[in-house]
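In what follows, a structure is listed as structure tokens, so that the remarks can point back to it.
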Amino acid sequence: MGRGLGQAAGAVMVVALVASSSFAADAPSFTNVTSGVGLTGRIGYRCAVGDIDGDGYPDLLLHLPSDFGTGDVLNKQVVLVNRPGSDPGDPFSRTFVDFTAASGVRATRAGAPSGHQSDGVVLADVDNDGDLDAFFFVYVHQNWTLTGRNDLMLNDGAGHFTYAPNSSFHSEPVYNTTDAAWLDFDNDGCSVPAILDRGWARFSPSQGRRDAHSAR
């Protein structure tokens, strides 16, 4: 298939914590509700969870696996928003609906509606406006050309994403990023990305970048 090691995709599955009559009343159990919430047949390589449209329910941002052997590396982003389910009388009836096209996450910084390359995403309120923004990162496991780059998209509060203005971050090298996380490491009220770059941990704080070598 041409995929790098560790890039095998898996089925997306949701389990619900419910009380079961087969157990004691104070011992809840898990039930597989994947088919009931609209996720049958969905696959994912990476998954981020967060309320991107401000309705109080968690949504899903998936990434399909890239195939660097064939060059199939674009438009791997999938957005599934959490909506009321088929039973209007049940407040716990929910289902996931594909919101990818409307979300804008496959757009390119050059303005094309599709063609975005990324392999994962982490969510945080970067601009302190009360909604979750998205830091997309690119990871190439083996020695194929790294054509995409890490980038930030801002949320309008309703799950529609557009690219943040260019900043000093865009003049830095193209990092081959295995994972990333947001943190306010100096308690100044601003979240900054911590990037794991093939054996290097990198901070990009508002006052300069600090690099710390990590174990491979």
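Observations, loosely collected:
- Test for ALA194: is it modelled with pLDDT under 75, touching a His at 6+ places or on another chain (Cβ under 8 Å), among the small types (Gly, Ala, Ser) and not in a loop (DSSP other than H, G, I, E, B): no
- Qualifying residue in the range 104-121 (condition: in a strand (DSSP E or B), modelled with pLDDT of 95 or more, open to solvent by 40 Å² or more (accessible area, probe 1.4 Å) and not aromatic (Phe, Trp, Tyr)): no
- Number of the exception - ASP53 against (1) under 12 Å from the mean Cα position of the chain (by Cα); (2) part of a loop (DSSP other than H, G, I, E, B): (1)
- Members of the range 59-81 found to be over 15 Å from the mean Cα position of the chain (by Cα) and in a strand (DSSP E or B), listed by number: ASP67, ASP72
- Residue count, the range 93-103 (criterion: outside any strand (DSSP E or B) and either free of Cβ contacts under 8 Å to residues at least 40 places away in the same chain or not small (Gly, Ala, Ser) (or both)): 4
The values are calculated or read from the model by the stated rules, or taken from the named source; none is laboratory data. Here the structure is a predicted model, which is why all the values come from computation and not from measurement. In this analysis, Cβ positions are derived from the backbone assuming ideal geometry, glycine residues included, and neighbour counts consider all displayed protein chains. What goes into the accessible areas is simple: the full protein's heavy atoms, side chains included, and nothing from ligands, DNA or RNA. Shrake-Rupley method; radii C 1.70, N 1.55, O 1.52, S 1.80 Å.
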